[in-house]
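Working notes, beginning with the structure itself.
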Amino acid sequence: MPDLIPLLSQILNGLLAGSYYLMIALGLSMIFSLGGIVNLAHGAFYAIGAYLAVTLAERIGFGGALVASPLIVALIGMVVERFLLRRFYNADPILGLLLTFGLAMVTEQTLRILYGAAPIPFSIPQELRGQVFLGDFVYSRYRLITLGITALAVLGLWILLTKTAFGKVVRAGVQNPDMVGALGISLKPYMTAVVMIGVGLAALAGVLIAPIAGVHPAMGQEIITFAFVVVVIGGLGSFWGVVAAAAIVGMTRGVAAHFYPAATEASVYLLMVLVLLTRPRGLFGERIQKFE
Amino acid sequence: MPLDKSLSRRTLIKASAGAAALGTLGAPAISYAQADAIKIGHITPRTGFLGPLGEFAAQAAQLAAEEINAAGGIMGRRLELILDDSPNPQQASAKAERLVQRDKIVALLGEISSASALAIAQVVQREKVLFINTGANSDALRGSDCQRFMFHIEAQNSMYVKAVGRSLIRDGLVSGKKWYSLTADYAFGHDLLNVAKRYMAANGGNHAGDDLIPTDLADFSPFLLKIRQARPDVVCLNLAGTQITNFLKQYAEFGLTFPVAGFGFDTALAWGAGRGNFGGTWPVVWHHLIDTPGSKAFVAGFQKKWNRMPENQAWGDYCSMKIVAQAIAETKSTDGMKIVEHFEKGAKFDLLKTREGYFRAKDHQMMMEMYAITALPAAQIKNQYDIFTSSPPVPAANESLEVIAATDDENKCTFRA
């Protein structure tokens, strides 16, 4: 069946390319689930991560930037959480939206002032270049490495959320913050940690994608809408729902690119509409009392 | 940490619409009011995938205005430049109207998106104000959609295709060869694909396939797989803006080796790809290595003011500003119609190239030299800017400047009264 091979390779590629959005979507989902803040500035942290990677890689190499950039962005996230986001957990959700919308614009303009609007050069490190062949399917070696790093990050996050005392409090806080409070546990430090982890993951994605996409001030808003769609399709509060949605979104893009290229991006929104019509909470969305 | 009752999962869905809106907000106009000044408006995209080019455009316009004022202004009057941005055709039209009606500009320059230029053209025609398009390439703007008050210093798609086409024919990549194209899915791309198909077919090329690319697409991997399966002799890009940067990086990443050519290009996008990622042959209206005194002075002036190398988009806005100032001085008038007639009579202008240029009366396209640039191998690249070599000017010195422009059969303009 030679006709099927191009389609199969599109599906396989889509499955791998889904990881492009996964780390950003997971952070978005966590921050929304626990704090009720829809973080429109999430893409901005992704962009800062990428710009830091370019700046740091000259001095400490790509490997160093891969570690340092997410850490620095997590610290920025801590400051943003402590002084800005925290004021809006109990407020009208529209205020949190406006705040993070504003943060996204301020960040984009700041990057534009500092680095200019044109994309700044950045390449895959020489030692990570090359291709992997699997029969007729060719894949970039660098993307397989990023897929491995993404898988490790996702696994680490899952262990953190399900196997540790920290994770138990966070999950309890998502379901019933009042009860957690009644037990004498303050969610504030947990929220700070969740924001740090969330934006740190976005920065990690920024570092990983910087060598294969243009590093320019608007790169954050290029990816944020898609990440949102992944969260909505996956379902709120569902860790594996977001992971599954990233893979499904990737495959949908691949199938659309094969049959009707002009709808490559539109297909994902169509998928979202279909999912929402049949499963309003998303594919694996849990029933979370406070959001109903 | 109790949450407000009004928050629901629906908020998240609405928020994704908010995220999509991030890219569509515009910036307010920046103007420096002054009595008795000659006001010129400049409008161009500053955000989105054309934003990087718009920045060069606005910087060049400011440089030109400064130079004009430093040399005593226009007929002793100060030139006042009003900058604004055009994130989409609706705003382009609204802002053009505001510049004309509220700010009383005598001429409007700029734009990069063909869809927005079309919207602006309708405004300037109604208001009888001169508009010089500095970045929109569609042939339709010089054909079925042409307007008497709109002129084009930006080359049309036909000129881009014919300029780079000569290099492709020389390299044996056209006659009897398979070409595969990726086309930006909006007015510019569709128009360019039509022009490219006509040119390649006339010269014996076989079209292996085309994929329309949504303008918000950043990951080209599905299309790289399709190109690999199609095994073309040459890959031709009808893309614009930061998508070209993404494509170049990912094409190198996937290790594809089919020759690459583009039918539209901006050097900033190649500079942004990084060492070892830029490849292929591309057409440009101007580049920073052109060896003329005018270009050298422009490059030096731009670098001094903005601390970066100017690229081809900067050239168009810089020259247009100078052209408008010269035309006002030559006609001793700021009346739009007088300047239009002056241009139509074939007034010559310095374009920082070997030969002077002029607006062709029948479609208002600037007749000028163009260039095809070819990427240097990574080992020969010495700095981040000098990453290509250039062909001599196209057309050659012994040819008419009109040989690369669209013929009447290809693209006909009839100005409505």
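I'd like to verify a number: residues in segment B:257-289 that are away from every other protein chain (no Cβ under 14 Å), among the small types (Gly, Ala, Ser) and farther than 19 Å from residue B:312 by Cβ, how many?
Of the residues in segment B:257-289, 0 are away from every other protein chain (no Cβ under 14 Å), among the small types (Gly, Ala, Ser) and farther than 19 Å from residue B:312 by Cβ.
Take the conditions touching a residue at least 24 places away in the same chain (Cβ under 8 Å) and in contact with a Lys or Arg (Cβ under 8 Å, 6 or more places away or on another chain) and apply them to residue A:285. Does it pass?
yes
Residue A:110: in a helix (DSSP H, G or I), touching a residue at least 40 places away in the same chain (Cβ under 8 Å) and more than 8 Å from every other protein chain (Cβ to nearest Cβ), yes or no?
Criteria not met by residue A:110.
Report, by residue number, each residue of segment A:56-99 that is within 20 Å of residue A:216 (Cα to Cα) and within 12 Å of chain B (Cβ to nearest Cβ).
A:57
How many of the residues in segment B:131-176 are out of contact with any helix residue (DSSP H, G or I) (no Cβ under 9 Å at 6 or more places or on another chain), part of a loop (DSSP other than H, G, I, E, B) and assigned by TED's automatic domain parsing to the domain that holds residue B:204?
The total comes to 3.
Is there a residue in segment A:75-89 that is crowded, with 22+ Cβ neighbours inside 10 Å, farther than 23 Å from residue A:189 by Cβ and modelled with pLDDT of 95 or more?
no
Among residues belonging to segment A:273-292 that are more than 8 Å from chain B (Cβ to nearest Cβ) and part of a helix (DSSP H, G or I), point out the one that is surrounded by the most Cβ atoms within 10 Å (Cβ to Cβ).
Result: A:275.
Of the conditions (1) without any contact (Cβ under 8 Å) to a residue 60 or more places away in the chain; (2) outside any loop (DSSP other than H, G, I, E, B); (3) at the interface with another protein chain (Cβ under 7 Å from one of its Cβ atoms), residue A:269 satisfies every one except a single condition; which number is it?
The single condition residue A:269 does not satisfy is (3).
What are the residues in segment A:200-227 that are part of a loop (DSSP other than H, G, I, E, B) and either more than 8 Å from chain B (Cβ to nearest Cβ) or in contact with a Lys or Arg (Cβ under 8 Å, 6 or more places away or on another chain) (or both), if any?
The answer is A:210, A:211, A:212, A:213, A:214, A:217.
Here's the yes/no breakdown for (1) farther than 28 Å from residue B:37 by Cα; (2) touching a Gly at 6+ places or on another chain (Cβ under 7 Å); (3) touching a residue at least 60 places away in the same chain (Cβ under 8 Å):
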{"residue": "B:122", "(1), (2), (3)": "no, no, no"}
{"residue": "B:129", "(1), (2), (3)": "no, yes, yes"}
{"residue": "B:150", "(1), (2), (3)": "no, no, yes"}
{"residue": "B:158", "(1), (2), (3)": "yes, no, yes"}
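Would you confirm, using the coordinates I've provided, whether residue B:308 is surrounded by fewer than 22 Cβ atoms within 10 Å (Cβ to Cβ) and either in contact with a Gly (Cβ under 7 Å, 6 or more places away or on another chain) or among the polar types (S, T, N, Q) (or both)?
yes
I'm trying to understand the selection: among the residues of segment B:211-256, which are more than 10 Å from chain A (Cβ to nearest Cβ) and assigned to a helix (DSSP H, G or I)?
B:227, B:251
Using beta carbons and a limit of 7 Å, which pairs, at least six apart or on different chains, have the first residue in segment A:74-99 and charged (D, E, K, R) and the second one assigned to a helix (DSSP H, G or I)?
As it stands, the answer is A:81/A:191; A:81/A:192; A:81/A:195; A:82/A:192, since those pairs meet every condition given.
Could you tell me which residue of segment B:107-130 is surrounded by the most Cβ atoms within 10 Å (Cβ to Cβ), considering only residues that are part of a strand (DSSP E or B) and more than 12 Å from the chain's Cα centre (by Cα)?
B:108
For segment A:1-86, list the helices (runs of 4 or more DSSP H) that sit wholly inside it and hold at least 3 residues that are of a type outside the set (Val, Ile, Thr) and farther than 30 Å from residue A:132 by Cβ; which are they?
Here the list reads A:19-35, A:42-83.
The values are calculated or read from the model by the stated rules, or taken from the named source; none is laboratory data. Note that this is a predicted model, so its numbers are computed, not measured. Cβ coordinates were reconstructed from backbone atoms using ideal geometry, including for glycine residues, and neighbour counts include every protein chain displayed.
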